[in-house]
Amino acid sequence: MSNFPQDVYARNLLSHRGYPLWTPEPNIELPEGYQREGLRIGDIGVVVPEDGSFDVFFNITLPREHPLHAPDGVPLNFTQVKLRREDYRIVPDAEYPGRVISSSSVECTVSCVDPFDLNGKSHSLTDHQFSLCQNEGAMLILPEGAQRHRLAKELLLLDVIIENAIDWYRFAREQLYRNIRNDDLYLVTGFHKACSWSLASFKNTGASSARCKLVQLTNGGRILTPHSIWETARPLEWRIGPRHSDGIPNQSVFITGFKIAVNEELLHLKRVTVKVAHSKRTLASRLVGFGASLANVLVGVTSWEIHTPQTATRDESSDQLTIEHDEHAGEDECAGITVERVPHVPQPFHPSDIINRYLLTKEPSAMFAVTHDSQWISLLEKGLLRPEELKQVGRLEAILSCEYHIVTKDGVVYLQNIE
């Protein structure tokens, strides 16, 4: 469990809409056209635990030469998945303007001031009063509502995942230098998009109940971000956005898709901790005998965990890393070296991660597990679980065993509906 806003926000705002993002804005490092539209169906990437944004690696429905792929290319065996217009489903008014979405720990009352003239334009003021009734919770306000986009037949992509998931992980680590966990990879198949939003989460308010308020100034239904503010006397994480809006719904407040988890047991690793202060190329030259794969993920931070069957030591005077190993050791003994950030960054809560761990426990020989968010969403829609019960691992697993078969195909384990 993490105290990052994304973790608290996700744990408390999960619903039939999907997985909520603390940072709905498009990444400003993406091509301009991609920023304008925001996330797309077919995007492959990860939810960044520190800020709750979605880091797009590539898109399987776009051609190899698309500008999104220009900086770093695509996986070696990349093949574009061509979808038809009729493969998409869009609900333009999935959430009505002024919609308030909150956890069960939050009670909300809304009051509006009669429209008034400001600089020759009609404006209105909306006052949201929130009662925070439990230790933690979250809320999302959509002044202009939201659209829903989804792929009509998500399972069409299952065979693509089975064939390519390992290559996608290798590409992320070795080509993009992303230090991702074994269960981070996400293939987006749907989302709720808004033009504007206000969101907040809280934890450990220090009292059995507390209050906070959001005051929003709007013009023609469009939120005026600089003139909107959260007010509270209790600890509260909050955001209002986007900073600049041209009225295009490109803010992904919820996403749905496939989560993919590679079996850790295939790595046969133990852990030692070192600090490094070298660029990836400098460090790679000192890891003779281990190739460049270790160095490929050493980028952007200065403290790492090395997972290796060998012994690693560090020369404090030179900051040089030395890995000792038996040159006559078998291939299995020397298999796989990975690194992780130190201190460890906890993964934000996600029900599909719980399901993937459950699947790999049931089928420990599987190479990886795949779960679509619709599988835990259906438990909510059927009334078998309440959103807050998704955090109860034992209860979730018990209901899964009644609703789904566990299927293994080509070394991949996933759930299938009981007919």
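The values are calculated or read from the model by the stated rules, or taken from the named source; none is laboratory data. Everything numeric here is computed off the predicted structure, so don't read it as measured data. Here the Cβ is made from the backbone with ideal geometry for all residues, glycine too, and neighbour counts use every protein chain on show. Just so you know, the surface numbers come from the protein's heavy atoms only, side chains and all, with ligands and any DNA or RNA stripped out. Shrake-Rupley method; radii C 1.70, N 1.55, O 1.52, S 1.80 Å.
So the values come out like this:
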item: Among (1) modelled with pLDDT under 85; (2) acidic (Asp, Glu); (3) within 23 Å of residue 23 (Cα to Cα) - the single one residue 144 does not satisfy; result: (1)
item: Condition broken by residue 397, with the remaining ones in (1) open to solvent by 20 Å² or more (accessible area, probe 1.4 Å); (2) at pLDDT 95 or above; (3) in a helix (DSSP H, G or I) satisfied; result: (2)
item: Out of 162, 180, sole residue that is more than 17 Å from residue 101 (Cα to Cα), at pLDDT below 90 and touching a strand residue (DSSP E or B) at 6+ places or on another chain (Cβ under 9 Å); result: 180
item: Residue satisfying condition, being within 17 Å of residue 258 (Cα to Cα) and small (Gly, Ala, Ser), within set 33, 18; result: 18
item: Segment 356-393, subset in contact with a strand residue (DSSP E or B) (Cβ under 6 Å, 6 or more places away or on another chain) and assigned to a loop (DSSP other than H, G, I, E, B), residue most open to solvent (accessible area, probe 1.4 Å); result: 363
item: The listed residue being surrounded by fewer than 23 Cβ atoms within 10 Å (Cβ to Cβ) and free of Cβ contacts under 8 Å to residues at least 24 places away in the same chain, out of 23, 61; result: 61
item: Selection from segment 365-407 of residues that are β-branched (Val, Ile, Thr) and farther than 25 Å from residue 181 by Cβ; result: 399
item: Members of segment 40-58 that are open to solvent by less than 20 Å² (accessible area, probe 1.4 Å) and over 13 Å from the mean Cα position of the chain (by Cα); result: 41, 42, 58
item: Filtered residue count, segment 107-131, keeping only those that are modelled with pLDDT of 85 or more and buried (at least 16 other Cβ atoms within 10 Å of the Cβ); result: 1
item: Complete set of residues in segment 208-230 that are open to solvent by less than 90 Å² (accessible area, probe 1.4 Å) and either in a strand (DSSP E or B) or at pLDDT 80 or above (or both); result: 210, 212, 213, 214, 215, 216, 217, 218, 219, 223, 229, 230
item: Residue selected from segment 145-190 under the condition polar (S, T, N, Q) and out of contact with any helix residue (DSSP H, G or I) (no Cβ under 7 Å at 6 or more places or on another chain), by the criterion least open to solvent (accessible area, probe 1.4 Å); result: 164
item: Residue within segment 49-65 that is in contact with a Ser or Thr (Cβ under 7 Å, 6 or more places away or on another chain) and either over 25 Å from residue 140 (Cα atoms) or of a type in the set (Gly, Ala, Ser) (or both) present; result: yes
item: Answer residue from segment 231-258, given it is β-branched (Val, Ile, Thr) and surrounded by fewer than 18 Cβ atoms within 10 Å (Cβ to Cβ) and is modelled with the lowest pLDDT among those; result: 232
item: Options 353, 332, 326; residue that is at pLDDT below 85 and either in a strand (DSSP E or B) or under 15 Å from residue 264 (Cα atoms) (or both); result: 332
